[in-house]
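The structure under discussion appears below in the form of structure tokens.
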Amino acid sequence: CAALGACSRDTPKLTAEEVQIRLKAVPTWTLDPSGAAISRSFTAKNWQCAVDFVNALSAIAEEEGHHPDVHLTNYRDVRVTASTHAIGGLSLHDFVLAAKLDTIDVTYSPKWLRENAAAVGE
């Protein structure tokens, strides 16, 4: 990320233990079964709310110089996957980005929020 310098093949890959420690700071994110990525998924209230999140994400990703994979399906289901592609795994960059993305206000689907309130601290 911006404060950490550009990602490259020399970016330090986090160990499995470091990943587990850092995951505690971003509880809305889950570790991919491969251990090489973290992701966050939710259902927005509608298309516009999903796109508003993606637009805010885009601004942060550009500012940080670290770009996650973003999936918008079923017009309002959003999944964000962060990984440091240059090293094929997770780095501190991914967790800094995840924490910053967690600051974006999201208008969730009321049903999704009822079912997942604990996951987002509501």
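Quick look at the values:
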item	result
Scope the stretch 68-90; condition under 13 Å from the mean Cα position of the chain (by Cα) and either in a helix (DSSP H, G or I) or at pLDDT below 95 (or both); matching residues	Thr84
Complete set of residues in the stretch 95-119 that are surrounded by fewer than 17 Cβ atoms within 10 Å (Cβ to Cβ), over 13 Å from the mean Cα position of the chain (by Cα) and outside any loop (DSSP other than H, G, I, E, B)	Pro110, Lys111, Arg114, Glu115, Asn116, Ala117, Ala118, Ala119
Scan of the stretch 85-94 for residues that are farther than 15 Å from Val26 by Cβ and surrounded by 18 or more Cβ atoms within 10 Å (Cβ to Cβ), ordered by number	Ile87, Gly89
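Rundown of residues vs (1) of a type in the set (S, T, N, Q); (2) surrounded by fewer than 15 Cβ atoms within 10 Å (Cβ to Cβ); (3) in contact with a helix residue (DSSP H, G or I) (Cβ under 6 Å, 6 or more places away or on another chain), yes/no style:
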{"position": "Ser34", "(1), (2), (3)": "yes, yes, no"}
{"position": "Thr43", "(1), (2), (3)": "yes, no, yes"}
{"position": "Ala50", "(1), (2), (3)": "no, no, no"}
{"position": "Glu62", "(1), (2), (3)": "no, yes, no"}
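The values are calculated or read from the model by the stated rules, or taken from the named source; none is laboratory data. Everything quoted here is computed from the prediction, not taken from an experiment. Note: ideal-geometry Cβ built from the backbone for every residue, glycine included; neighbour counts use all protein chains shown.
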